[in-house]
Amino acid sequence: MAHFSPGPNDSPVTFDAIIVGAGFAGLYMLHRLRGLGLSARVIEAGDGVGGTWYWNRYPGARCDIESLEYQYGFDDDLAREWDWTERYATQPEILRYANHVADRFNLRPDIQFETRVIGAAFDEQAHRWVVETDRGDRFVARFCIMATGCLSVSRVPGYAGLESFEGDRYHTGAWPHEGVDFSGKRVAVIGTGSSAIQSIPIIAAQAKQLVVFQRTPNFSIPAMNGPIDPELAARLKENYTEHRRVARTTAGGVAGQAPDKSALEVSDEERRRRYEERWQRGGLTIGGTFTDIAINPAANETAAEFVRSKIREIVKNPETAELLCPKGYPFATKRLCVDTNYFETFNRDNVQLVDIRDAPIEEITPTGLRTAKAAYEFDVIVFATGFDAMTGALLKMDIRGRNGLSLRSKWEHGPRTYLGLQVAGFPNLFTITGPGSPSVLSNMIVSIEQHVDWIAGCLEFMQQRQMETIEATTDAEDAWVEHVNAVAEHTLYPLANSWYIGANIPGKPRVFMPYVGGVGVYGRKCEEVAANGYEGFRLEARVLA
Ligand code: FAD
Ligand code: NAP
């Protein structure tokens, strides 16, 4: 194994691979590379492992995929020895799990924390990546693997006067480790996405007054959270890897029954009964009640109207209820939210909902904020305003491939990848859950494992055949981008102004980024590509001196 010395270096340190990011993707990638006997160094900006679960410490943060599914599946012993306490684990519990994995597989010695990668350039002569950090390190590696996360660059809108605010301000995705006490405070939450929807009920219970600023109402389904079912947990632990194998064949990466009927071929009573059953079960599965919710506007509207009817039942003030009812975009085309007492929170006397669709926030003031209609005073502002998703972390770095081509210019009009795994012109650079792969439309740990396994298999193949470089061809990339777009166009997804399509960032190209084809279909395609000698990639042999 190569030796490294942290801190500013004059001479570069060499590894087989540099992995950027120590979330679930980076941790598992490191484990697999070690298994191949490759030397690898993980570079992580935070001072601990866990990625998403390290940064997002806001009150109420939990997974929205059930914990028994949202865990690694690569090791039966790991699955057997870890016990989740709730159906949807809290952020601290998931972070403990990430730390447990790091310790159990002794991963920490190969992770450099509190270091941000600022650039990576491919040296065409040496066939090596030169990776630079904000601490002055220079690493040289054959492979560079971006495990930088799809939702790791938090974003505060560029409001005028932001810096003038004299109270405390926080973003959900960069929450202080010591927590925030809202007792007796006048609090604003800006945004009503998943992060807001999870945190609002808890902040409301603490704060003196809470004002929620909503631009777009979201569809949210109750989690119906509770303790883990011990019998189910025991059954899955008997053979978790088999459970995961099945999950990998499904559309969303969670094993379960696929729908068999159109929403339009059943009676009104039957349709309502089926939605009600999923609502009572809780969580995201309501999106899979019928076969055509994602593709047929009329079918979709039945699901949308069902959720609206629930909101009207829960929220006592009819005007507030109407404001909270999502309209103008199809159900589940923005990420569905999963909540505990979200809509109920608007029945509290200390909570107010402000619609900012037609009267946007115009500026942050020293004492609060001002919309086009009114001024408000606050002690704390919580920005639950989301992320520069999918491409943000990659484009924050200066990544340069052949001929000095920068990823930023290559992706000027939107991301282009082959399988979300590689970019033509950037040999030996891999992205884990990159744009063009199912990633955020799936149980992410399943997609992460599938990508890591594929990359590990590819590097093993290259090792065995003395291959020096692998690079997606432009033809394969073009065909894949076309396919990803065609599949998305077949669905209702592009109709929503979602972060999937970059709509949350002014000026970001409007391109539907994740692959809608499903985890199972996508996985089979990746397997075929590998079985056909890495079809669509150009492999070059090592030149022996
Ligand atoms: P991340 O966990 O984002 O880790 C990436 C790491 O890379 C970060 O630690 C970051 O600091 C580091 N990094 C980035 N750029 C650099 C750089 N230049 N230099 C050094 N380090 C860098 N998915 C689900 O499937 N189910 C869920 O229930 C779920 N809940 C979520 C809840 C929240 C609040 C959020 C924000 C996302 C959630 N997701 C969920 C998506 C979640 O991001 C993934 O499930 C998963 O955790 C991603 O792991 P990752 O390792 O790919 O990326
Ligand atoms: P998000 O879904 O992008 O929500 C951001 C919110 O801020 C939206 O309501 C958005 O309104 C609003 N907003 C953004 N810019 C604004 C502006 N300039 N003015 C007014 N409002 C603005 O972000 P998120 O809630 O952090 O969630 C991101 C993703 O992370 C989720 O979709 C999910 O995949 C994951 N996540 C999961 C969980 C979970 O339950 N496990 C929890 C949190 C996050 P518009 O809709 O109008 O843009």
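From most to least packed by mean Cβ count within 10 Å, the peptides 146-157, 408-419 give 146-157, 408-419.
Rg/Rh for the stretch 253-303 (Cα atoms only, Rh after Kirkwood) is 0.93.
Residues whose amide H falls under 5 Å from that of Arg538, counting only those 5 or more places apart or on a different chain, are Glu471, Ala472, Thr473, with hydrogens built in the peptide plane. Coordinate range of the alpha-carbon atoms in the stretch 200-259 per principal axis, descending: 49, 27, 18 Å. Which one, Ile145, Ile197, Val131, projects farthest toward the positive side of the charge dipole computed for the stretch 130-207 from Cβ point charges (K/R +1, D/E -1)? Going by the charge dipole, the pick is Ile145. Between the listed residues Ala424, Leu495, Gln466, the Cα displaced farthest toward the positive end of the dipole of the chain, a dipole computed from Cβ unit charges relative to the Cα centre, is found at Leu495.
Accessible area per residue for the chain, computed on protein heavy atoms with a 1.4 Å probe, is 41 Å². Remark: the stretch 474-480, residue by residue, has Karplus-estimated 3J(HN,Hα) of 5, 4, 5, 5, 4, 5, 5 Hz, where x stands for each Gly or Pro and the curve is 6.51 cos²θ - 1.76 cosθ + 1.60 at θ = phi - 60°. Once backbone amide H atoms are built at 1.01 Å from N, Gln112 has Val42, Ile43, Glu44 as its partners under 5 Å, excluding neighbours fewer than 5 places away on the same chain.
Listed cross-link partners Lys261/Lys327; Lys237/Lys310; Lys185/Lys316; Lys261/Lys334; Lys373/Lys396 are compared with a 28 Å cut-off, the Cα-Cα value being larger for Lys237/Lys310; Lys373/Lys396.
Based on Cβ point charges of +1 for Lys and Arg and -1 for Asp and Glu, what charge dipole magnitude is obtained for the stretch 91-177 about its Cα centre, in debye rounded to the nearest 20?
280 debye
The share of accessible area on the chain that comes from carbon and sulfur is 49 percent, using a 1.4 angstrom probe.
By its C-alpha gyration tensor, with a ≥ b ≥ c as the square roots of the eigenvalues, how is the stretch 118-183 shaped: rounded for a/c under 1.5, else prolate for a/b larger than b/c, else oblate?
prolate
Scan around Ile118 for amide H atoms under 5 Å from its own, H built in the peptide plane at 1.01 Å from N, and keep only partners 5 or more places away or cross-chain. Distant-sequence amide H within range of Ile118: Glu132, Thr133, Asp134. Dipole magnitude for the chain: about 400 debye, using +1 per Lys or Arg Cβ and -1 per Asp or Glu Cβ, origin at the Cα centre. For the stretch 58-166, the spherically averaged projection of the C-alpha convex hull amounts to 11.4 nm². Scaled against the 2.2 N^0.38 Å expected of a compact globular protein of N residues, the Cα radius of gyration of the stretch 395-542 reads 1.04. With unit charges on the beta carbon (Lys/Arg positive, Asp/Glu negative), name the residue among Ser409, Pro435, Ser262 whose Cα is farthest towards the positive pole of the charge dipole of the chain. The Cα lying farthest towards the positive end belongs to Ser409.
To the nearest µm²/s, what D does Stokes-Einstein give for the stretch 165-268 at 10 °C and 1.306 mPa s, using the Kirkwood radius over alpha carbon pairs as Rh? The partial results should precede the final answer.
Values: Rh = 18.3 Å.
Once the numbers are plugged in, D ends up at 87 µm²/s.
More than 29 angstrom separation, counting every C-alpha pair in the chain; what % is that?
Values: 80009 of 148240 pairs.
So the pairs more than 29 Å apart make up 54 percent of the total in the chain.
With a/c under 1.5 counting as rounded, go ahead and sort the stretch 77-228 into rounded, prolate or oblate using the C-alpha gyration tensor (a ≥ b ≥ c being the square roots of the eigenvalues; past the cut-off, prolate if a/b is larger than b/c, else oblate).
Details: a/c = 2.40, a/b = 1.42, b/c = 1.69.
Oblate shape, in that a/c is at least 1.5 and b/c is the bigger or equal ratio.
The values are calculated or read from the model by the stated rules, or taken from the named source; none is laboratory data. Being a predicted model, the structure only gives us computed values, none of them experimental. For neighbour counting, all protein chains shown are included, and Cβ atoms are generated from backbone atoms with ideal geometry for every residue, glycine included. Heads up: the accessible areas ignore ligands, DNA and RNA and are worked out on the full protein's heavy atoms, side chains in. Shrake-Rupley method; radii C 1.70, N 1.55, O 1.52, S 1.80 Å.
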